[in-house]
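Structure record follows, encoded as structure tokens.
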Amino acid sequence: GAYVRPAIRLESGAKSALDPNRPITITPYVGEEAAGIDLTVADVTTIDATRTFWDKVVIAHGLRRW
């Protein structure tokens with residue numbers, strides 16, 4: 001096999017917690033320095049910011065001390 005795998009997996013939380021989501025194209029910062037090489041990755045499934053915002057609100061609510 002290859003020394004470096006051609007893919008990575010980033011996970012946080014439950015695997016079923018992917019809604020609402022949307023596909024985006026990711027361009028790494030190093031892509032700006034690597035002229036002539038296309039390092040973009042298309043159709044990466046990401047969780048909408050509204051979802052992560054409400055996750056943080058629920059966490060903050062659970063941590064409150066009245």
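Every read-out reported here was derived from the displayed coordinates using simple, explicitly stated rules and does not represent laboratory data. Remember, it's a predicted structure, so these values are computed and weren't measured experimentally.
Would you kindly derive the ³J(HN,Hα) couplings of the range 41-48 from the backbone phi angles with the Karplus curve 6.51 cos²θ - 1.76 cosθ + 1.60 (θ = phi - 60°), listing them in order in whole Hz, with x for Gly and Pro?
10, 8, 6, 8, 6, 10, 7, 4
When the chain is fully extended, how far beyond the present Cα-Cα distance does R51 get from R5, taking 0.36 nm per residue of separation?
Net length gain for the segment: 13.6 nm.
List the residues whose amide H sits under 5 Å from the amide H of T46, counting only those 5 or more places along or on another chain, with H placed 1.01 Å from N in the peptide plane.
Amide H neighbours of T46, under 5 Å, 5+ apart: R22, I24.
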